[in-house]
1. For the range 177-274, restrict the atom set to alpha-carbon positions and state the Rg and Dmax in Å.
2. Three principal axis extents, largest first, for the C-alpha atoms of the chain, in Å?
3. Could you give me the ³J(HN,Hα) list for the range 377-389, computed from phi with Karplus coefficients 6.51, -1.76, 1.60 and θ = phi - 60°, whole Hz, x at Gly and Pro?
4. Once a ≥ b ≥ c are taken as the square roots of the eigenvalues of the Cα gyration tensor of the range 329-408, is the result rounded (a/c under 1.5), prolate (a/b larger than b/c) or oblate (a/b not larger than b/c)?
5. Give me the log10 of I(q) over I(0) for the range 1-97 at q = 0.20, 0.24, 0.25 Å⁻¹, as the Debye formula computes it from C-alpha points; what are the numbers?
6. Once amide H atoms are placed 1.01 Å from N in the peptide plane, what residues at a sequence separation of 5 or more from Val403, or on another chain, have their amide H within under 5 Å of its amide H?
7. Over all alpha-carbon pairs in the range 332-377, figure out the percentage whose distance exceeds 14 Å.
8. Short version: ³J(HN,Hα) in whole Hz for each residue of the range 94-111, in order, from phi by Karplus 6.51 cos²θ - 1.76 cosθ + 1.60 (θ = phi - 60°), x for Gly and Pro, what are they?
Amino acid sequence: MTIEALRERQPLMWINSALASATDALREVAEQGGPTFGDIEAAEGLLQRWRPALQLLFPELNSSQGLIESSLTRLPPQAAQLVCESDLGGRFLVKADHDLPVAGSIKARGGIYEVLAHAEAIARHEGLLGPDDNVIRLLAPKARELFATKVIGVGSTGNLGLSIGVMASALGFRAQVHMSHEAKEWKKKRLRDRGVEVVEHLGDYAAAVACGRAELEANPNGYFVDDENSLDLLLGYAVAALRLKKQLDEMGVVVNAENPLFVYLPCGVGGAPGGITFGLKHIFGDFVHCFYAEPVAAPAMLVRFLSNGPRSVYDVGLDNITDADGLAVAQASELVYGIVRRLTSGIYTVADDALYRSLFHLSEAAKIDIEPSAAATFLGLGLFERGAASAYLAQAARDPNSVTHLFWTTGGTFVPKEEFQRFRARGEALAGESIIGGAN
Ligand SMILES: *Cc1c(COP(=O)(O)O)cnc(C)c1O
């Protein structure tokens, strides 16, 4: 497949011929100085240590004793057929990150991990964290006074800002979120309501990130969370793999050569899907197959895979205009690309109309309400019915019905009711048209 094919803006599935065995690919990452499984375990250790403190800061975490985690649920085949617009058999699961507490999206694990790691580093440097690393001390007035002299900033289309901003301001930091002028009004309001400073920029997401970075790097008390280049974010995301393993075990879902696991991850700069892929490959090796979903107008990671160096979707004649705002990214993270280059099975593209249809069907058939970006997870399945993807599936599984397809719903809980109703109505209208027109 070539870059030219992307200009047609038709949904397609690309299969990565550079995919290597998990052992080889992970060894290469480590040899090149990249992260290891130990780093994921250390990130999980930090999040475990913070549980009592997080429970005090966020009462909604009482039921999980301070753990920020989402549920894993089954999606009945009839519902999957509608939502995925596909007849492909198999078992279907939903990893419900649209419902992650505190931040309401997949950004919770990565963003919150990075803020907590940064807070610990500052406190340790100032001698506020005793030798026992008891982080409850960091909720005391002395630590809060220290944090209040510091600014944590981030550039975001919304969800990362919510995650970083809410956590940083809960600890007493000044939190600053740089957003593009077009970012959703309700996301700006939600941030401001939580004491986060929203700085609006003309231009796209990359422009907001660039301004935010320049401003915070010039400030000696500033810290910039670099979505395009953050190992901490990636490690925070990767922790999800450990949690998923436990949930699959509890559900009695076996992952092995006869029962492979196909995971569908909506992709923006790549940190969230890349981090999760990195974690899953350590745990399930060659039995897990990770696919990323990108808008037809913003296939940033796919453009990177098909190029010899960094390149944006603008460079190839695409406009990055999509309603999937969590995925509206023009250029992929080089850091993430370097890590997942040989771990990723494939990347597929999705049209905005199909996102709304899936969102509507999911709400109807499974009572799960997600944002348009998250619906991209469901639109890869139908693309296995032909071409290279069909051959990939046949090779991965002797019996397609033995495959477990896991859809990662990445955001949605905090979308205001009225906004969600508009999404839903749009999807319902489009679903009607698609039945009448017979198109998909
Ligand atoms: C950010 C986001 C993603 C993708 O994460 P990246 O790290 O940007 O690749 C997917 N879905 C939603 C809803 C998001 O907010």
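Every read-out reported here was derived from the displayed coordinates using simple, explicitly stated rules and does not represent laboratory data. Quick caveat, the model's predicted, so the values are computed rather than measured. Backbone-built Cβ (ideal geometry, glycine too); neighbour counts: all protein chains shown.
1. When restricted to Cα atoms, the range 177-274 yields Rg and Dmax of 18.4, 55 Å.
2. Principal axes ranked by extent give 63, 44, 43 Å for the Cα atoms.
3. 4, 7, 9, x, 3, x, 7, 7, 6, 8, x, 4, 5
4. oblate
5. With one equal scatterer per Cα and no solvent, log10 I(q)/I(0) is -1.01, -1.09, -1.14.
6. Those qualifying (amide H under 5 Å, at least 5 residues apart or on another chain) are Arg91.
7. When all Cα pairs of the range 332-377 are counted, 60 percent exceed 14 Å.
8. Calculated HN-Hα couplings, in order: 10, 9, 8, 5, 4, 10, 4, x, 6, 10, x, 7, 4, 5, 4, 4, x, x Hz.
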